Structures are given as C-alpha cells and as structure tokens.
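Engineer: Have a look at this one.
The values are calculated or read from the model by the stated rules, or taken from the named source; none is laboratory data. The model shown is predicted, which means the values in this text are computed figures rather than measured ones. Backbone-built Cβ (ideal geometry, glycine too); neighbour counts: all protein chains shown.
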Amino acid sequence: MICRARTRRREAGFTLLEILVVVAILGLLIGLVAPRVLRLLGGAKVSIAHQAIERLGSTLDIYKLDTGSYPSTEQGLAALLQRPAGIATWNGPYLQGDNMPVDPWNHGYVYRQPSGRQGHEYDLCSGGPNGANGDPGAEGMICND
C-alpha cells in the first residue's frame with residue numbers, strides 16, 4: 001500500500017528538467033516566429049492605410065458631387081463632418097461619428113487642395129509608421145494615387 005502511494009506521487013507531476021525543456025522550446029519558437037509576425041503586422045497597417053485613403057477619396061468625390069468642389073485646405077476633412085460656411089448644397093455629414101478619421105498609427109490624415117502633385121486634384125496622405133508630416137512626396141508618406 002505504501003509503495004503504491006509513493007509511485008503515484010512520482011508519476012503525478014513533471015520534473016524540473018521536463019519543464020525547462022518545454023520552456024526552451026517555446027522560447028525558440030517565439031524567437032523565430034515573432035519577428036515575422038511583426039513584419040506582417042506592419043505590412044497590414046500600410047495596406048489598411050491605403051484602403052482608408054481610397055475610402056476617404058470616395059467620400060470626397062461624393063462631397064464634390066454635392067457641392068461642386070472639393071473642400072479647401074482650410075476647410076480640410078472637417079468639411080465632411082460639419083457644413084462649411086457658404087456651402088448651400090452640403091448633404092452631410094459624409095462620415096459616421098463625430099471624430100476626424102485617423103490612420104492605423106493614430107495620426108490624423110494630411111489633406112491639401114489644390115494638390116501639389118501633377119495630375120491630382122487634392123492630396124490625402126497618412127504619415128505612415130513614423131508619423132511623417134511633410135509634403136506628399138516625402139519619405140514615409142502614404143498618399144492617394
């Protein structure tokens with residue numbers, strides 16, 4: 001009877017060596033997989049920024065259809081939420097909620113009209129992961145095509 005109780009106690013748990021082996025294996029897996037997952041996450045945010053800029057561009061196009069022109073730089077994207085002074089044919093709000101849209105890195109979008117780039121009526125850009133706030137051609141900026 002006493003031998004059986006001792007045998008069951010020994011078999012009931014893990015040894016320190018077994019636990020250390022499992023922890024070492026988990027550490028290796030995390031060390032190999034984590035950098036790749038973080039790279040994929042960064043790429044996903046860039047893709048989300050491009051898609052959000054396209055959606056905002058479509059919203060700006062609807063604004064232009066209603067009012068006859070895009071909002072000026074001074075009016076900015078706020079014109080999509082609140083009627084700008086002197087605009088009689090505004091049919092907004094064109095965005096849901098009361099807050100200005102932000103990019104995946106929680107920075108506001110940069111909007112300029114007229115555009116400083118050839119072939120564009122306006123510039124709508126995200127500062128990207130570094131929060132660049134320069135001209136639309138600046139490094140790190142993600143802009144409308």
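Engineer: Which of (1) assigned to a loop (DSSP other than H, G, I, E, B); (2) surrounded by fewer than 17 Cβ atoms within 10 Å (Cβ to Cβ) is the odd one out, the single condition Pro71 does not satisfy?
Structural biologist: Pro71 satisfies all of (1) assigned to a loop (DSSP other than H, G, I, E, B); (2) surrounded by fewer than 17 Cβ atoms within 10 Å (Cβ to Cβ) except (2).
Engineer: Only residues that are in a loop (DSSP other than H, G, I, E, B), buried (at least 16 other Cβ atoms within 10 Å of the Cβ) and more than 15 Å from the chain's Cα centre (by Cα): list them for segment 96-116, please.
Structural biologist: Passing the criteria: Gln113, Ser115.
Per-residue answers, yes or no, for (1) touching a helix residue (DSSP H, G or I) at 6+ places or on another chain (Cβ under 6 Å); (2) among the charged types (D, E, K, R); (3) within 26 Å of Gly43 (Cβ to Cβ):
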residue	(1), (2), (3)
Ser69	no, no, no
Arg83	no, yes, no
Thr89	yes, no, no
Pro93	no, no, no
Asp98	no, yes, no
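Engineer: Name the single residue that is surrounded by the most Cβ atoms within 10 Å (Cβ to Cβ) among those in segment 51-68 being in contact (Cβ under 8 Å) with a residue 40 or more places away in the chain and closer than 16 Å to His120 by Cα. Lay out the reasoning, then the answer.
Structural biologist: Here is the first cut: in segment 51-68, the residues in contact (Cβ under 8 Å) with a residue 40 or more places away in the chain are 52-54, 56-57, 60.
Subset that is closer than 16 Å to His120 by Cα: 53-54, 56-57, 60.
Details: Ile53: 20, Glu54: 13, Leu56: 20, Gly57: 14, Leu60: 22.
Looking at residues that are in contact (Cβ under 8 Å) with a residue 40 or more places away in the chain and closer than 16 Å to His120 by Cα, I get Leu60.
Engineer: Asp145 versus (1) at pLDDT below 90; (2) surrounded by 17 or more Cβ atoms within 10 Å (Cβ to Cβ): which is the lone unmet condition?
Structural biologist: Result: Asp145 passes all but (2).
Engineer: Go through segment 6-27 residue by residue and tally those that are modelled with pLDDT of 85 or more and not acidic (Asp, Glu).
Structural biologist: Going residue by residue through segment 6-27, those that are modelled with pLDDT of 85 or more are 15-27.
From what's left, not acidic (Asp, Glu): 15-17, 19-27.
Residues that pass the stated criteria total 12.
Engineer: Can you confirm whether Ala88 is on the phi < 0 side of the Ramachandran plot and surrounded by 12 or more Cβ atoms within 10 Å (Cβ to Cβ)? If you could, list the steps in order and put the result at the bottom.
Structural biologist: Numbers: on the phi < 0 side of the Ramachandran plot: yes; surrounded by 12 or more Cβ atoms within 10 Å (Cβ to Cβ): no.
When the stated conditions are applied, Ala88 does not pass them.
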